[in-house]
Each structure stands twice: as C-alpha cells, then as structure tokens.
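The values are calculated or read from the model by the stated rules, or taken from the named source; none is laboratory data. All values reported here derive from a predicted model rather than from experimental measurement. The accessibility values were calculated without ligands, DNA or RNA, using every heavy atom of the protein model including side chains. Shrake-Rupley method; radii C 1.70, N 1.55, O 1.52, S 1.80 Å.
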Amino acid sequence: MGQLVGTFAEAARDRIRDTLAERLSRFVWETEHRIRRTPVDVVGHTDDQFVAVELEWRRADPVNNTAKLLYYVDEGKLDEYERVSVFQVFTGYYDLASGGVSSKREIAEFVGDLAADSFEHVSFSPVTFGLEPPKRGGEWPEEWEAVAEETAMKIVRRV
C-alpha cells in the first residue's frame, strides 16, 4: 500500500535530522523550527552557530524558502550567531531528463549564493537528495533511508 508524499517527506526529514544529531552532537537539532512565522525543516544550533536545512520535495517555488531565510538574516533575526549555514536539499524532482537541473532550482541557488555573498557570516549550499520522491499514494523507494543518510553526510562535511 502506498504512502502519502507528506509521510515520506517527514520520514526522510527525520532520518536526516537523526543522522545530523548523531554526527554533529554539539548542536541541538530539531524539526519545524520557527523563525518568525516561517518553519524551517531541520535546524541545528550551538551558542554561536546556526544551521538551517530546507528540504525541497516538489515545491513549485523553492526560491521562496531560501529568500525568506536570508531575509530574516538581513532583518537581524539570527544576529546572535557568529555563523549561519543554509542548506537547501533538492530531490530528483528538480532534475531534467536531458541532464542538468530545472530553472526553479537554478534560481533558488542563485538567490542563495547572492545572499550568502552579501553577508560575511552566512554560507549557502545546495545539496542533492538522490531520489525523486513518490507521488501521492506512490510506493517509497527502497533505498530512501540510505539516500537520506548520504544527504545528511553531505551536510556534515560542509558544516
């Protein structure tokens, strides 16, 4: 029996959070952390460092998540941290059959890079989640857990 894409996204998000918590135990990790009205999928923080992980499964406008996070940096909402790292995770949904990635991903990455270049203490990193998420009611890919852990390890290496 198929699962809803929301359930898959939550399971993958939680696996990524758990792997990050295991590998980067100096951080406090949580899901759906709110910055003002905006929930961030996975957040880790120490006294001086803030890590935000936004997961893009099939979003029509992934640039919105990047722009909002970096807008809050500009507003000073994360000034208590010496370093802010933003990771935007893109599934295979944003890959083109002909090779490369969709313009939606390209634009989100452009905005993330531009904003990170504007703030000395901010970094932005796009990360590929090596699967396309199932459509509503579709079967989960068998290798999803390994892909979620591999995705988290890409983040660990860049923090």
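Values as computed for the structure displayed
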read-out	value
Percent of C-alpha pairs per 10 Å bin, region 1-94, short to long	15, 48, 30, 6, 1
Accessible-area order (highest first, 1.4 angstrom probe) of the listed residues 139, 10	139, 10
DSSP H segments from the chain that extend 20 Å or more along their own axis, Cα-based, with Kyte-Doolittle mean of -1.0 or above	5-23, 103-118, 144-158
Spherically averaged projected area of region 73-116 from its Cα convex hull (nm²)	3.8 nm²
Cα centroid of region 104-147 to Cα centroid of region 49-74, whole Å	10 Å
Listed residues 20, 70, 131, most fluctuating in the chain (Gaussian network, C-alpha, under 10 Å)	131
Most to least accessible of 135, 154 (protein chains only, probe 1.4 Å)	135, 154
Candidates 116, 97, 146: whichever shows maximal mean-square fluctuation once the chain is modelled as a Gaussian network with Cα springs under 10 Å	97
Convex hull of region 68-141 built on C-alpha atoms - directionally averaged projected area, nm²	6.3 nm²
The chain - convex hull of the alpha-carbon atoms, volume per residue in Å³	109 Å³
Accessible-area ranking of 57, 140, largest first, probe 1.4 Å	140, 57
